[in-house]
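Here is the structure we will look at.
The values are calculated or read from the model by the stated rules, or taken from the named source; none is laboratory data. For clarity, every value in this text was computed on a predicted model and none was experimentally measured. Note that we place each Cβ from the backbone using ideal geometry, even for glycine, and neighbour counts take in every protein chain shown.
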Amino acid sequence: MSSQLNVDTIVDKAGSGGTNVKIGNTSTYVSDGGATTQNTVQGIAKAWINIDTSTVRDSFNNSSITDNSVGNNTNTLANNMSTAFYSVPSSANAVHFSNIESYATTGYRHRTNNSSASAADRADNVNAVFGDLA
């Protein structure tokens, strides 16, 4: 028999309003239409970063960034990925384009080029990391 829990708010034991909810790797959610379920943990970004040239504006799960050269940065993750086979969607616009040059479990190398395909620093670089943490 399945159970259902209906609540408005989850708080810690002390009632201070904080929560410490943990979900397992097999947790799923139901799509908006209700026809599909997806793995919750698989769908969450494991890291993200917003960079102005080589200065980090804000990030999650990034321990450092190395400015290798013009338009070439290495982002080091605070928590390693399980393999080097993960996805890093990268931003681009009409003037610049970006790509991930190489992957490692500890991070990845990101390049930006201008419309002439020459290396160029960019004021707005954003990346997100999807895959399995180690």
(message) So, restricting to strands (runs of 3 or more DSSP E) that lie completely within segment 33-108, which ones have at least 3 residues that are on the phi < 0 side of the Ramachandran plot and among the hydrophobic types (A, V, I, L, M, F, W, C)?
(response) 47-52, 96-104
(request) Could you list, in sequence order, all residues of segment 105-123 that are of a type outside the set (Phe, Trp, Tyr) and surrounded by 14 or more Cβ atoms within 10 Å (Cβ to Cβ)? (result) Thr105, Thr106, Gly107, Arg109, His110, Arg111, Thr112, Asn113, Asn114, Ala120, Asp121, Arg122
(request) Please find, within segment 92-103, the residue that is modelled with the highest pLDDT out of those that are surrounded by fewer than 17 Cβ atoms within 10 Å (Cβ to Cβ) and in contact with a strand residue (DSSP E or B) (Cβ under 9 Å, 6 or more places away or on another chain). (result) Ser102
(request) Show the residue pairs that are 6+ apart or on different chains and have beta-carbon atoms under 9 Å apart, the first residue being within segment 1-26 and over 21 Å from Val41 (Cα atoms), the second being among the small types (Gly, Ala, Ser) and assigned to a loop (DSSP other than H, G, I, E, B). (result) Thr9/Gly17; Val11/Gly17; Val11/Gly18; Asp12/Gly18
(message) Please verify whether Thr37 is farther than 22 Å from Ala134 by Cβ and within 21 Å of the chain's Cα centre (by Cα), treating the condition exactly as stated.
(response) no
(message) Against the condition among the small types (Gly, Ala, Ser) and under 30 Å from Ala119 (Cβ atoms), how does Ser82 come out, does it pass?
(response) no
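Mind checking whether some residue in segment 67-76 is loosely packed, with under 13 Cβ neighbours inside 10 Å and touching a residue at least 12 places away in the same chain (Cβ under 8 Å)?
Yes, there is a match, as at least one residue in segment 67-76 is loosely packed, with under 13 Cβ neighbours inside 10 Å and touching a residue at least 12 places away in the same chain (Cβ under 8 Å).
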(message) Please go through segment 109-134 and give me each residue that is assigned to a strand (DSSP E or B), over 12 Å from Thr83 (Cα atoms) and touching a residue at least 60 places away in the same chain (Cβ under 8 Å), ordered by number.
(response) Asn125, Val126, Asn127, Ala128, Val129
(request) Would you point out the residue of segment 110-134, among those that are modelled with pLDDT of 90 or more and more than 16 Å from Thr53 (Cβ to Cβ), that is farthest from the chain's Cα centre (by Cα)? (result) Ala134
(request) Looking for whichever is out of contact with any Gly (no Cβ under 6 Å at 6 or more places or on another chain) and farther than 12 Å from Asn127 by Cα here; the options are Val88, Val95. Which one fits? (result) Val95
(message) Just to check your reading of the model, which residue among Thr53, Thr83 is surrounded by fewer than 16 Cβ atoms within 10 Å (Cβ to Cβ), at pLDDT below 95 and among the polar types (S, T, N, Q)?
(response) Thr53
